[in-house]
Amino acid sequence: MKDIVRTALGGLLLACAATTVSADDRPSELRIGVFTFLSGPAAAYGMPGRNAAELLIEQINEAGGIDGVPIVPTYVDEAQGTDGVITEFRRLASDRDVMIAALSSANCLALAPVADQLRVPTLMWNCDTHQMFLEDEYEYVYRTNSSTIPEFVSYALYLLETKPDLERVAIINPDYAFGHDAAEIFKETLQTFRPEVEIVAELYPRLGASSYHTEISRLVSARPDVVFSNLWGADLENFVRQAQPRGLFQRSTVVLALGETILQRLGEDLPEGTVVGVLGDGWWQSPTARENPDTQAFVEAYHERYDEYPVFPSFKMANSIMAMKESFERALENSGGTWPSREEFVEAVAGLEMENFTGTLRIREDNDGLVDQIVGVATPADDRPYPVIGEMVRYPADLVTPPVDEDPIAWIRSLDQDFLDQLPKPGSYQ
Amino acid sequence: MMRITLIAVGLLLAVLLPLAIPWLNFVFIMAVAQGFAALGVVLLLRAGMISIGHAVFLASGAYVTAFLLRQTGITDLGLILLVATLGSGLFGFLIGMFMVRYRAIFFAMLNMAVSMVVFALLAKLYHLTGGTDGVRVATPTVLGAVLDRTVFDSLLLYISLALLVAVGWLVHRYLSSPLGKALEAVHTNEVRLEYLGVSAWGVLLYAYTISAALAGLGGALAAIAVGHVVPELAYWTHSGQLVLIAVLGGIGGVVGPFIGALFFEIVRVVAAGYAAYTWNMIVGLALLGVIFFLPNGLYGLVQRLLKRGGGS
């Protein structure tokens with residue numbers, strides 16, 4: 001017991017040593033916690049986020065930090081499970097000013113009430129779930145990116161334009177809330193406009209499955225016009241490599257909602273004409289991103305350091321860091337230069353409207369982020385050994401996001417032809 | 001006497017330290033919660049039976065808590081803990097009726113099978129359980145009073161510690177009773193036990209039910225402390241973690257699993273906090289170290305120190 005106590009005390013002393021009381025004047029540094037997956041299969045999505053945070057924070061600090069205050073990040077691995085994540089959040093909350101958390105929707109749902117309880121400003125950098133702000137209101141929790149609703153409604157809208165006569169649809173999504181949510185949103189949107197659409201197969205392989213041969217057999221024999229999938233990471237790569245030789249891509253139009261993340265990895269193995277896009281607008285080669293010299297500088301620095309170009313999770317992370325910086329600057333402006341309190345900071349986050357690397361971000365009154373959605377098809381590139389996204393459309397966030405306090409599925413069912421007519425057409429974004 | 005003093009000092013530290021370092025409050029509650037579940041595993045280990053599926057009862061306690069708060073009007077903390085414990089006990093009784101017919105690897109694997117079925121159900125019955133996103137657990141009321149969350153958290157720690165003492169004492173009594181002693185007899189010579197006129201099936205079912213109820217109590221505490229329940233609670237790696245905590249702490253007494261749980265939580269917090277990229281390895285090495293050098297677990301170390309202290 002003595003030893004245990006000693007070990008515990010040792011740990012505590014370490015923790016105390018790291019804690020310094022911040023004076024009411026400007027702090028010497030801005031300490032933030034960044035929660036993402038650093039290990040396990042979800043690191044395929046989590047590491048590009050971490051890398052973007054690391055690089056962007058360095059760039060901000062080199063340029064003088066936030067009004068002279070450098071940002072010091074602490075990265076936390078979400079792979080330790082929800083209770084571990086909560087422990088870390090509570091531990092860091094004592095001396096961190098802002099949290100950028102988290103990737104997993106389950107973790108975000110668990111963290112949000114804790115953030116409000118501890119009064120820690122928290123910017124959610126991923127957590128797509130549309131349940132996030134549906135039932136609960138938060139004072140300190142904001143999402144700087146879009147939710148599953150605009151993200152997956154957009155793919156259905158794109159198909160309604162490009163394949164107006166589609167009838168048979170198959171779905172293969174990972175077997176957890178993200179996969180089931182996406183399937184429901186996609187189906188509801190298609191069937192609202194085309195009630196005759198038939199779901200000929202709905203498959204949910206488990207997350208991290210390495211073989212998809214059974215599923216591919218089912219998909220091929222179901223003869224779908226369209227195969228929709230929001231598989232991601234290594235799962236998506238495996239699925240494409242196994243499905244491609246069996247002709248799935250020749251028989252059906254395949255929609256890979258998170259396809260942008262594997263463009264660079266698969267190269268020419270990803271068949272031309274596959275519908276791909278990003279969740280949000282975070283594509284490093286979009287016309288908006290190309291026009292922005294800051295974005296290009298960031299992209300090149302990222303490529304130089306990590307030997308690949310940033311994928312959309314990187315931009316989701318970047319959105320959060322930039323939103324944090326912008327909010328601090330606004331809060332400083334409001335207060336006339338004195339360092340903002342946590343309350344003054346979250347006041348500045350609420351109602352934020354800003355330009356970021358790939359477009360604009362607006363935080364609306366329910367604390368959710370409004371971000372445009374980019375969808376297109378994989379097209380061979382002249383200057384690169386892997387496909388790019390062509391025939392792009394950029395759906396404005398205001399149009400494809402349900403209004404505040406409206407049930408998202410009911411909103412989807414209420415959409416009509418007038419709504420479709422307002423939308424930009426595929427290929428219009430160039 | 002020495003032992004009681006040590007326990008008292010430990011409890012006092014558990015109350016005082018969080019006053020200085022607030023986040024420890026949560027760590028200690030989680031350690032007690034995991035400790036209860038690990039204590040359940042220890043009961044079965046005493047009979048020489050390893051359950052690699054005991055997290056299912058922790059999960060049942062947690063989900064019962066979540067559903068009571070969400071679907072029914074029951075919000076009282078005491079009532080919730082009671083219902084969750086009894087509910088898990090009942091669940092354990094039903095599962096146990098056929099489970100305790102098996103021994104050794106069959107027992108271990110069947111437990112794991114049941115837990116994985118429950119895990120799959122929790123993840124798949126999306127509209128009922130929220131799928132992998134889990135269910136929110138609201139803050140319960142205490143004797144009709146709605147407390148501020150920070151006050152509630154402190155109170156929850158004190159209640160957990162009080163439960164630790166009360167339930168720990170009960171389990172201690174149980175282990176010293178003939179029924180408890182019979183558990184060891186199942187391990188050493190089951191045939192002889194039957195010849196003595198004692199039903200091994202009955203002895204084990206009794207223990208299985210108690211161990212499930214303990215895990216359920218731990219699950220309810222964890223669910224309330226975290227404020228969210230997810231299907232991973234029932235996943236087999238979580239069961240493995242409970243066995244690990246039991247072995248770490250030592251299966252000699254009631255205190256062992258709680259020491260094990262506290263050690264595990266603290267190693268994990270320190271490792272994850274100071275080595276975000278290698279924390280898995282550090283936790284693994286720490287566990288290996290304990291198992292190699294302290295075959296009787298951390299509680300064995302305490303006992304050895306006590307003996308030495310008592311002798312001098």
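The values are calculated or read from the model by the stated rules, or taken from the named source; none is laboratory data. Keep in mind that this is a model prediction, so the values were computed, not measured. Quick reminder, even Gly has a Cβ in these numbers, built from the backbone with ideal geometry, and neighbours come from all protein chains shown. Heads up: the accessible areas ignore ligands, DNA and RNA and are worked out on the full protein's heavy atoms, side chains in. Shrake-Rupley method; radii C 1.70, N 1.55, O 1.52, S 1.80 Å.
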Check every one of the helices (runs of 4 or more DSSP H) wholly within segment B:205-311 and list those with 2 or more residues that are surrounded by fewer than 17 Cβ atoms within 10 Å (Cβ to Cβ) and either more than 13 Å from chain A (Cβ to nearest Cβ) or within 13 Å of the chain's Cα centre (by Cα) (or both). B:279-293, B:297-311
Just need a number here: residues in segment A:362-387 that are surrounded by fewer than 19 Cβ atoms within 10 Å (Cβ to Cβ) and more than 19 Å from the chain's Cα centre (by Cα). 9
Whether any residue in segment A:17-28 is part of a helix (DSSP H, G or I), at pLDDT below 85 and open to solvent by 30 Å² or more (accessible area, probe 1.4 Å) is what I want to check. yes
Out of all the residues in segment A:195-213, is one or more assigned to a helix (DSSP H, G or I), surrounded by fewer than 24 Cβ atoms within 10 Å (Cβ to Cβ) and not assigned by TED's automatic domain parsing to the domain that holds residue A:320? yes
Among the residues of segment B:90-104, which ones are buried (at least 22 other Cβ atoms within 10 Å of the Cβ) and outside any helix (DSSP H, G or I)? B:100
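Residue-wise test of (1) open to solvent by 10 Å² or more (accessible area, probe 1.4 Å); (2) within 11 Å of chain B (Cβ to nearest Cβ); (3) touching a helix residue (DSSP H, G or I) at 6+ places or on another chain (Cβ under 6 Å).
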| residue | (1), (2), (3) |
| --- | --- |
| A:66 | no, no, yes |
| A:70 | yes, no, yes |
| A:83 | yes, yes, yes |
| A:91 | yes, yes, yes |
| A:101 | no, no, yes |
| A:104 | yes, yes, yes |
| A:107 | no, yes, yes |
| A:117 | yes, yes, yes |
| A:137 | yes, no, no |
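Taking residue A:79 as the residue in question, decide whether it is more than 20 Å from residue A:298 (Cα to Cα), at the interface with another protein chain (Cβ under 9 Å from one of its Cβ atoms), open to solvent by 20 Å² or more (accessible area, probe 1.4 Å) and aliphatic (A, V, I, L, M).
On the way: more than 20 Å from residue A:298 (Cα to Cα): yes; at the interface with another protein chain (Cβ under 9 Å from one of its Cβ atoms): yes; open to solvent by 20 Å² or more (accessible area, probe 1.4 Å): yes; aliphatic (A, V, I, L, M): yes.
When the stated conditions are applied, residue A:79 passes them.
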If you check residue A:34 against the conditions, is it in contact with a strand residue (DSSP E or B) (Cβ under 6 Å, 6 or more places away or on another chain), part of a strand (DSSP E or B), surrounded by fewer than 17 Cβ atoms within 10 Å (Cβ to Cβ) and modelled with pLDDT of 90 or more? no
Run residue B:139 past the list (1) outside any loop (DSSP other than H, G, I, E, B); (2) crowded, with 17+ Cβ neighbours inside 10 Å; (3) β-branched (Val, Ile, Thr) and report the number of the one that doesn't hold. (1)
Among (1) open to solvent by 30 Å² or more (accessible area, probe 1.4 Å); (2) among the acidic types (Asp, Glu); (3) in contact (Cβ under 8 Å) with a residue 60 or more places away in the chain, the one test that residue A:269 misses: (3)
Residue pairs qualifying under the 6 Å Cβ cut-off, at least six apart or on distinct chains, with the first in segment B:283-303 being farther than 16 Å from residue B:262 by Cα and the second being open to solvent by less than 30 Å² (accessible area, probe 1.4 Å) and of a type in the set (D, E, K, R), are none
Any residue that is within 13 Å of chain B (Cβ to nearest Cβ) and closer than 23 Å to residue A:315 by Cα - is there at least one of those in segment A:52-59? yes
Between a residue in segment A:164-184 that is open to solvent by 30 Å² or more (accessible area, probe 1.4 Å) and any residue that is part of a strand (DSSP E or B), which pairs come within a Cβ distance under 8 Å, given they are 6 or more apart or on different chains? A:167/A:198; A:168/A:198; A:168/A:200; A:168/A:226
Pull out all pairs, ordered by first then second residue, where Cβ-Cβ is under 6 Å, the residues are six or more apart or on different chains, the first lies in segment B:3-22 and is at the interface with chain A (Cβ under 9 Å from one of its Cβ atoms), and the second is crowded, with 17+ Cβ neighbours inside 10 Å and modelled with pLDDT of 80 or more. B:17/B:24
Given the criterion open to solvent by less than 50 Å² (accessible area, probe 1.4 Å) and more than 14 Å from chain A (Cβ to nearest Cβ), identify the matching residue among B:107, B:28. B:107
So, restricting to strands (runs of 3 or more DSSP E) that lie completely within segment A:355-430, which ones have at least 1 residues that are in contact with a Lys or Arg (Cβ under 7 Å, 6 or more places away or on another chain)? A:373-379, A:388-395
Which of the residues that make up segment B:158-179 are crowded, with 16+ Cβ neighbours inside 10 Å, touching a residue at least 40 places away in the same chain (Cβ under 8 Å) and farther than 18 Å from residue B:76 by Cβ? B:161, B:164, B:167, B:168, B:171, B:175
Which of the residues belonging to segment B:121-136 are facing chain A (nearest Cβ under 9 Å) and surrounded by fewer than 19 Cβ atoms within 10 Å (Cβ to Cβ)? B:124, B:126
